[in-house]
Amino acid sequence: MRVAMISYNAFVDGERNGWKKQGDNAVLLLQNEDGSKWGVDQNATNSAELKAGAGDCVAKINGLWEQLVEALPTIDKVVFYVGSFGAERVIYLAAEHGLTPDKAVFVRCDCNMTKKMSVIRDCGFSSSKVVDCECGGHSTMRRLYDDALTKGNLPN
Ligand SMILES: [Zn+2]
């Protein structure tokens, strides 16, 4: 099983991005690499700060996606963390690049939920697996990463 996992936060401490392999299992790790657990400012309160945060989020996702796009046709499942404002960018990219709903797993926290779910629906991913998670997705993404790498398992 070949899996890609993408988040603008960091969920595997100290790991660089790229392919991780264990036996027949391979995971393409794509996470925030700037050394912080959170890829965007968590203290934004006013609308200007939120807008800046959403912009940062989109920029991070675009950068990570560039590392995914070439490998995409060879990947069995892509696990996306979909967090706060701007995070829906990754859903649009998946749709633009023709990812089919059976290959997508969305890990979502409660933030901006209405918007996220409408983008998932509008992009044709209504039938994709959705996993609820804590805000930031750190421990849920880590658990899925360990399962995919050591057991070749992902939620169906
Ligand atoms: Zn959240």
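None of the figures in this text is laboratory data; all of them are computed from the coordinates on show. All figures in this text were calculated on a predicted structure; none of them were measured in a lab. So basically every Cβ, Gly included, is an ideal-geometry build from the backbone, and we count neighbours across all protein chains shown.
Results, tabulated for the structure shown:
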| read-out | value |
| --- | --- |
| Only Lys, Arg (+1) and Asp, Glu (-1) charged, at Cβ; the chain dipole about Cα centre in debye | 280 debye |
| Dipole of the range 2-151, positive end: most advanced residue of Leu68, Ala10, Gly35 [Cβ charges, Cα centre] | Leu68 |
| Antiparallel bridge percentage (DSSP; both residues within the chain; nearest 5) | 20 percent |
| Contact order relative to length of the range 96-156, as percent, for alpha carbon pairs under 8 angstrom and 6 or more apart | 37 percent |
| The chain, relative contact order in percent, only Cα pairs under 8 angstrom and at least six apart counted | 26 percent |
| Restricting the range 1-69 to trypsin sites (Lys or Arg not before Pro) in coil, as DSSP defines it, with at most 14 other Cβ within 10 Å | Arg16, Lys37 |
| Cross-link table Lys103/Lys151; Lys37/Lys60; Lys129/Lys151, entries beyond 24 Å C-alpha to C-alpha | none |
| Karplus-derived HN-Hα couplings along the range 32-43 (A = 6.51, B = -1.76, C = 1.60, θ = phi - 60°), whole Hz, x at Gly and Pro | 5, 10, 8, x, 10, 5, 9, x, 9, 4, 8, 9 |
| In the range 54-130, the GluC sites (Glu not before Pro) that fall in loop regions by DSSP, at most 12 other Cβ within 10 Å | Glu70 |
| Ellipsoid semi-axes in whole angstrom, largest first, where each is sqrt(5λ) of the Cα gyration tensor of the chain | 23, 18, 14 |
